[in-house]
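Accompanying notes for the structure given below.
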Amino acid sequence: MAAQPPSPVYDCIVVGAGIQGSCAAYHLAKNQRKTLLLEQFVLPHSRGSSHGQTRIIRKAYKEDFYAHMMEESYELWAQLEKEAGVQLCRQTGLLLMGPETGKDYQLMKDAMQRNKLPLVILNPEEFSQHIPNVNLTGGDGALVDTTAGVLYADRALSAVQRLFQVLGGVIKDGQKVTDIKPGPVVTVTTAAAVYQAKSLVITVGTWASKVLSPIGLNLPLQVLKINVCYWKEKVAGSYSVNRRFPCFIQLESQEASHDIYGLPSNEYPGLMKVCYHTGSETDPDDRDGQTDRSDVEILKRYVSRCFPGLVPVPAVVESCMYTVTPDLHFVLDYHPAHRNIVIGAGFSGHGFKFAPVVGKVLYELTMGQVPSHDLSPFRIGRFQPHAGSAQ
């Protein structure tokens, strides 16, 4: 029998074909790097953090570094839309509500004004004229990030993967990585094959700890299962994207210690997406075993009080996964002991909108280039002594 030809040595292997890994692979292929994108599940799948039809896209952040990254991310999303010939974003505005004297609301408002982002401040007296069918809590301020909107997540993920392949990239799905051997050439083993590359990007979402621990890196990542709830409009169209109802974020509500957020009715006609921005800890391989719905009870009370045009019982409950760092900031860095292994992790339930710029940064790190953004908030070293290399 003829000997099998040796597998090619890729310039880079990206492990994990969620939105961050797919965008990293796209940037690598766009810059003529021979790239393999590996995914443990058959695509498309709904086991991770990148599925579902919509996400919020916004520039409203407390931190200047996120606002700056989002400036570029908007430009890159527009570029991807043009290349793919598919609409990926829809401008709706983002309604931000929170106690006027509360720390988070004030920080967000100050950051938007400091970064000269377009915003409209709504006085409580005129609130209901501008935002019908929403009860503003007494003492809450309200402002609108007018550039914000809806990002079509499933559509975006498939568009990026398709563009990656058009650029010559290779996707192999249904191939769970079983072993990684660091070295000048990294060897990646799956149940089906063995691959080699000069560099490796690891973007495996909720499986980060399971993949990184065997190569000597332990990050303080917590995996949460989020209940994604959809609520029926009492009058069809009341909260519809077609009637320009905005996305919203409620900071520091009387019901909850975490943010509540929502998107106008869109993917399910007549159903508005309203969710709690945290969940219960779970194992990503046993997520169905996590059945805690205490967050749904919080949402019922909030919807009943603040969104009178919604039936205060969810009509549909789906699930999504967050991989959360202690400070809720991402991990974008080299492996401490292996500079040709780059890690993107801990996107903490707010990373999807950043994916094009995160992908670009991961590409820059892989190529040894100076990153186009300050990565000091995202370095692994901030977790010391928790994060350590066993090498």
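Could you list, in sequence order, all residues of the range 83-104 that are within 30 Å of H27 (Cβ to Cβ) and either part of a loop (DSSP other than H, G, I, E, B) or touching a helix residue (DSSP H, G or I) at 6+ places or on another chain (Cβ under 9 Å) (or both)? Walk me through it before giving the result.
Narrowing the range 83-104 to residues within 30 Å of H27 (Cβ to Cβ): 83-94.
Those that are within 30 Å of H27 (Cβ to Cβ) and either part of a loop (DSSP other than H, G, I, E, B) or touching a helix residue (DSSP H, G or I) at 6+ places or on another chain (Cβ under 9 Å) (or both): E83, A84, G85, V86, Q87, L88, C89, R90, T92, G93.
Residue-by-condition table, conditions (1) part of a helix (DSSP H, G or I); (2) buried (at least 24 other Cβ atoms within 10 Å of the Cβ); (3) in the same structural domain as L365 (by TED's automatic domain parsing):
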{"position": "Y195", "(1), (2), (3)": "no, no, yes"}
{"position": "K198", "(1), (2), (3)": "no, no, yes"}
{"position": "T206", "(1), (2), (3)": "yes, yes, yes"}
{"position": "S209", "(1), (2), (3)": "yes, no, yes"}
{"position": "I226", "(1), (2), (3)": "no, no, no"}
{"position": "C229", "(1), (2), (3)": "no, yes, no"}
{"position": "K232", "(1), (2), (3)": "no, no, no"}
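Per-residue answers, yes or no, for (1) surrounded by 19 or more Cβ atoms within 10 Å (Cβ to Cβ); (2) of a type in the set (V, I, T):
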residue	(1), (2)
I121	no, yes
F127	no, no
H130	no, no
N135	no, no
G141	yes, no
D154	no, no
F164	yes, no
L167	no, no
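Just checking, how many residues over the range 77-92 are over 13 Å from A159 (Cβ atoms) and touching a Cys at 6+ places or on another chain (Cβ under 7 Å)?
1
Confirm whether T189 is surrounded by 13 or more Cβ atoms within 10 Å (Cβ to Cβ) and assigned to a loop (DSSP other than H, G, I, E, B).
No.
Given the residues G270, G216, which is the only one that is more than 19 Å from I56 (Cβ to Cβ), without any contact (Cβ under 8 Å) to a residue 40 or more places away in the chain and more than 22 Å from the chain's Cα centre (by Cα)?
Answer to the selection: G270.
Name the residues in the range 299-346 that are within 14 Å of the chain's Cα centre (by Cα), part of a loop (DSSP other than H, G, I, E, B) and not aliphatic (A, V, I, L, M), would you?
If the condition is that a residue be within 14 Å of the chain's Cα centre (by Cα), part of a loop (DSSP other than H, G, I, E, B) and not aliphatic (A, V, I, L, M), then T325, H329, F330, G346 are the ones that fit.
I'm trying to understand the selection: among the residues of the range 37-53, which are surrounded by fewer than 24 Cβ atoms within 10 Å (Cβ to Cβ) and either at pLDDT 90 or above or acidic (D, E) (or both)?
Q40
Yes or no, residue by residue, for (1) modelled with pLDDT of 95 or more; (2) in contact with a helix residue (DSSP H, G or I) (Cβ under 7 Å, 6 or more places away or on another chain); (3) part of a loop (DSSP other than H, G, I, E, B):
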{"position": "E252", "(1), (2), (3)": "no, yes, yes"}
{"position": "E255", "(1), (2), (3)": "no, yes, yes"}
{"position": "H258", "(1), (2), (3)": "no, no, yes"}
{"position": "Y261", "(1), (2), (3)": "yes, no, no"}
{"position": "Y268", "(1), (2), (3)": "no, no, yes"}
{"position": "D286", "(1), (2), (3)": "no, no, no"}
{"position": "T291", "(1), (2), (3)": "no, no, yes"}
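Within the set of pairs 6 or more residues apart or between chains, which connect a residue that is surrounded by 15 or more Cβ atoms within 10 Å (Cβ to Cβ) inside the range 280-298 to a residue that is modelled with pLDDT under 65 and small (G, A, S) with Cβ atoms less than 9 Å apart?
From residues that are surrounded by 15 or more Cβ atoms within 10 Å (Cβ to Cβ), the pairs are T282/G289; P284/G48.
Among the listed residues L80, L107, which satisfies the condition of being surrounded by fewer than 16 Cβ atoms within 10 Å (Cβ to Cβ), aliphatic (A, V, I, L, M), in a helix (DSSP H, G or I) and in contact (Cβ under 8 Å) with a residue 24 or more places away in the chain?
Going through L80, L107 in turn, just one is surrounded by fewer than 16 Cβ atoms within 10 Å (Cβ to Cβ), aliphatic (A, V, I, L, M), in a helix (DSSP H, G or I) and in contact (Cβ under 8 Å) with a residue 24 or more places away in the chain: L107.
Hey, among R379, R301, which residue is in contact (Cβ under 8 Å) with a residue 12 or more places away in the chain, of a type in the set (D, E, K, R) and not assigned by TED's automatic domain parsing to the domain that holds P246?
R379
Exactly one of (1) buried (at least 20 other Cβ atoms within 10 Å of the Cβ); (2) farther than 18 Å from A256 by Cβ; (3) hydrophobic (A, V, I, L, M, F, W, C) is unmet by A337. Its number?
Of the numbered conditions (1) buried (at least 20 other Cβ atoms within 10 Å of the Cβ); (2) farther than 18 Å from A256 by Cβ; (3) hydrophobic (A, V, I, L, M, F, W, C), the odd one out for A337 is (1).
Only one residue in I171, I180 is surrounded by fewer than 22 Cβ atoms within 10 Å (Cβ to Cβ) and under 23 Å from the mean Cα position of the chain (by Cα). Which one?
Only one candidate passes the filter, namely I171.
Given V170, V194, V186, V223, which one is more than 25 Å from V361 (Cβ to Cβ) and either touching a Lys or Arg at 6+ places or on another chain (Cβ under 6 Å) or of a type in the set (A, V, I, L, M) (or both)?
Selected residue: V194, the only one of V170, V194, V186, V223 that is more than 25 Å from V361 (Cβ to Cβ) and either touching a Lys or Arg at 6+ places or on another chain (Cβ under 6 Å) or of a type in the set (A, V, I, L, M) (or both).
Among the candidates S128, S158, single out the residue that is in a helix (DSSP H, G or I), more than 22 Å from G309 (Cβ to Cβ) and of a type outside the set (F, W, Y).
S158
Being assigned to a loop (DSSP other than H, G, I, E, B) and of a type in the set (G, A, S) is the filter here; which residues of the range 347-363 pass it?
S348, G349, G351
The values are calculated or read from the model by the stated rules, or taken from the named source; none is laboratory data. Just so you know, these numbers come straight off a predicted model, no measurement behind them. Cβ sites come from the backbone with ideal geometry, for glycine too, and all protein chains shown count toward neighbours.
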